[in-house]
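*Asks:* Structure provided below as structure tokens; questions to follow.
Each value in this text was obtained by applying a stated rule to the coordinates, not by laboratory testing. All of these numbers come straight from a predicted model, not from anything done at the bench. Note that each Cβ is placed from the backbone with ideal geometry, even for glycine, and that neighbours are counted across all protein chains shown.
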Amino acid sequence: MGEDFNFDAAPAAPSLSFGEESPAAAAVQEAPVEPQKEKDNGNLAMEAQLSAEELKQVDDFSKQIDISNTTGIMNYGVGTQKKLADFSEKAIDNVRTKDMGQVGDMITNLVTQLKSFEIMEDEKGIKALFKKSANKIEGMKAKYSKVETNVETIANELEKHQVTLMKDVELLDRMYDLNLNYYKELTMYILAGKKRLEEERSTTLVELQKKAEASGLPEDAEKAKDFANKCDRFEKKIYDLELTRTIAMQTGPQIRMVQSSDTVMAEKIQSTIVNTIPLWKNQMVIAIGIEHATQAAQAEREVNDMTNKLLKANADALKVATIESAKEAERGIVDIETLKHTNESLITTLDEVLKIQTEGKAKRREAEAELAQIEAQLKDKLLQAAKQ
């Protein structure tokens, strides 16, 4: 169902039709119509949605309705119901065949590709800088080229989806107009049916009932009852059309919601293609240029730091040398501390020598006295020996 449905072939205006006219229907057209009763709010609301021309069409069509025509009543509004069913099936197929998740995945993949291009930090130091700076720039360019290829592939696919989405938006406009046309057709069928049903119940049915009461014949009562049943069946048919009309009424906002989603997605794709990707390319060019400038500045900074370091080291060394030289220049040949130490040592030596000499003299005197005593003792001993 719905595969051969053509949205472009849809009628531009509501069109009402009833089954083959019967003699009874022709008679009904010529029957006098009693003044209508006060319309309920529902009918007034439906009439407010129709133009004057469409309301006249409803009035004219209501006169063609033959409640006694069982086949015509059974098929009343069925054509519009079937067209709406075919239309709904085609609309579902149109939504089902679109995979908007694929577009979302592609945009997510695009963001991943853009984020994958990052500038890595180099090792510190002037030696590492000069050694790796050239390789880093070449690596950035190679990686940028690879990412750019992936980005262009995704962008081309997104453009194709954007074209499809814009076509779908146009198709949904036609679908909305077509659904509105069916909605109006159903409204007109309902109004015409209610109008005719009210007329028949207030005229034909009343006449049949009066005739049955007056004659008392079973066949007259059966005719009145049969006509009342046909009115009830027609009323149910109108209610069925009202349910279908409600579906058509709900379908309109649903179509607009899908259309809005398609439009938003198409706009997002367009923004990605005309803003995000070019901005990313510009930023990558700027990033490479900044890297060149950064490396040059870093090299200059490393050279300046090295020069300052050498100057500071030389200045510190010169300071130490100058101070030491000045100190040496101001010193005498022999330090006063040395002279003091020497003098103290000399005095101590002289004191010790004098002490030793004094002690030596005292010991010599003691020794002389002891020698004189020994000599005297020896002489006495010799004298004693001579006397014997």
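*Asks:* Could you sort out which of LYS82/LYS194; LYS82/LYS184; LYS56/LYS223; LYS195/LYS236 sit more than 23 Å apart by Cα distance in this structure?
*Replies:* Those over the limit are LYS56/LYS223.
*Asks:* Right, another one. Using θ = phi - 60° and the Karplus curve 6.51 cos²θ - 1.76 cosθ + 1.60, what whole-Hz ³J(HN,Hα) does each residue of segment 199-209 get, with Gly and Pro shown as x?
*Replies:* So the J values, rounded to whole Hz, are 5, 5, 5, 8, 10, 4, 5, 5, 5, 5, 5.
*Asks:* I need the phi-derived Karplus couplings for segment 377-386: 6.51 cos²θ - 1.76 cosθ + 1.60, θ = phi - 60°, integer Hz, Gly and Pro marked x.
*Replies:* Per-residue couplings from phi come out as 5, 5, 4, 4, 5, 5, 5, 5, 6, 6 Hz.
*Asks:* Still on this model: Once the other residues with Cβ under 14 Å from the Cβ of LYS223 are scored (Lys, Arg +1; Asp, Glu -1), what is the net sum?
*Replies:* Working: positive: LYS210, LYS211, LYS225, LYS230; negative: GLU200, GLU207, GLU213, GLU219, ASP220, GLU222, ASP226.
In short, -3.
*Asks:* Need the full-extension length gain, LEU279 to ALA362, defined as separation in residues times 0.36 nm minus the C-alpha distance. One decimal, nm. Write out the running numbers ahead of the final one.
*Replies:* Details: separation 83, 0.36 × 83 = 29.88 nm, distance 11.56 nm.
In short, 18.3 nm is gained.
*Asks:* From the phi angles alone, apply the Karplus equation (6.51, -1.76, 1.60; θ = phi - 60°) to segment 224-241 and give each ³J(HN,Hα) in whole Hz, x where the residue is Gly or Pro.
*Replies:* 3J(HN,Hα) across segment 224-241, in whole Hz: 5, 5, 4, 5, 5, 5, 5, 5, 5, 5, 5, 5, 5, 4, 4, 5, 4, 5.
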